[in-house]
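Input: a single structure, listed below in structure tokens.
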Amino acid sequence: MTIIFSRIKLFHDSNEALTPENALLDLYQITRKINKLTTRKSGWCLPGYTQEERLKNNAFDENGPTKYAIEDFKETYNENSKFIVKSLSDGVDENNNSILYMGEDKTHINPVRLGKTNISISINLD
């Protein structure tokens, strides 16, 4: 079994504010790339669900983020501090692929400062 754990630090343009929708679009692109690397095809969802619930509450479908995921991200997005922390996984066992997404938008405090997104990815290549 080969597991890759990487941390990626991204900076986003100050012209594009951090929103739950933008965070999900970032994650959608990342999960599509991960899906090409691995053999797992169980779908990506938010943590804390049984396998049955995962089938109903996937974060993405073939068109991008689902309404369910958008609403969930909106509920946890801190509008005052422009901060979002979310995790996704594609399985219920210990060998699943997972992503931790932490984004903050500092442009509301200082217009010349960029926002920052930290993404931790764990990929199982088995």
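Values in this text are rule-based calculations from the coordinates and carry no lab data. What you see is a predicted model, and the numbers here were worked out from it, not measured in a lab. Heads up, the Cβs are rebuilt from the backbone with ideal geometry, glycines too, and the neighbour counts pull from every protein chain shown.
Per-structure values
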{"read-out": "Proximal charge balance of Thr19 [Cβ under 11 Å; K/R count +1, D/E count -1]", "value": "-3"}
{"read-out": "Exceeding the 22 Å Cα-Cα cut-off - candidates Lys33/Lys74; Lys56/Lys86; Lys86/Lys116; Lys82/Lys116; Lys33/Lys86", "value": "Lys33/Lys74"}
{"read-out": "Sequence of Lys116, Lys86, Lys36 once ranked by neighbouring C-beta atoms within 10 Å, starting from the fewest", "value": "Lys36, Lys116, Lys86"}
